[in-house]
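J.: First, the structure itself, so that you have it in front of you.
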Amino acid sequence: MKTPTDIQPLADLLHAEQQARLVRDGLTLALHAHNYAVSVKIGKKFARVDVGGSGHLMVELETGAIFGIKAYGVVHRGHQYGTLDTINDWYWGEYYPMKRKAVAA
């Protein structure tokens, strides 16, 4: 069973990559930072990861699987974005998480 401590690295990475995208796009963080504050709310089966005042992702507490949402609090099992163990394989700065390209050595 995953705890808030297990989910916090995802929230921190999501927040950092969202802010980096704002800077890259030339938006002033002071004006838009409240829109990208990340919070985690723990439920019975899922943790809700919210960005600003909106739902963004859901994490299954039993497995650590990360999903998109259909509506607030409604998991979209068709949109899976890895697990808590693979968060660094994804780029979280855009609206939808994107799989990072494998870097050839």
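The values are calculated or read from the model by the stated rules, or taken from the named source; none is laboratory data. From a predicted model like this one, the values you see are computed outputs, not experimental measurements. Glycine gets a Cβ as well: all are built from the backbone with ideal geometry, and neighbour counts include every protein chain shown.
J.: Any idea how many residues of segment 69-83 are surrounded by 18 or more Cβ atoms within 10 Å (Cβ to Cβ) and within 13 Å of the chain's Cα centre (by Cα)?
T.: The total comes to 2.
J.: Hey, among Val38, Val23, Val49, which residue is in contact with a Leu (Cβ under 6 Å, 6 or more places away or on another chain) and at pLDDT below 95?
T.: Val38 is the lone residue from the list that is in contact with a Leu (Cβ under 6 Å, 6 or more places away or on another chain) and at pLDDT below 95.
J.: Output the qualifying pairs, or none if there are none: Cβ atoms under 7 angstrom, residues six or more apart or on different chains, first residue in segment 71-94 and free of Cβ contacts under 8 Å to residues at least 12 places away in the same chain and of a type outside the set (Phe, Trp, Tyr), second residue loosely packed, with under 14 Cβ neighbours inside 10 Å and in a strand (DSSP E or B).
T.: What qualifies is Asp89/Lys99.
J.: I would also like to ask the following. Kindly indicate whether any position in segment 85-97 is touching a Pro at 6+ places or on another chain (Cβ under 7 Å) and either modelled with pLDDT under 85 or more than 22 Å from Thr3 (Cα to Cα) (or both).
T.: yes
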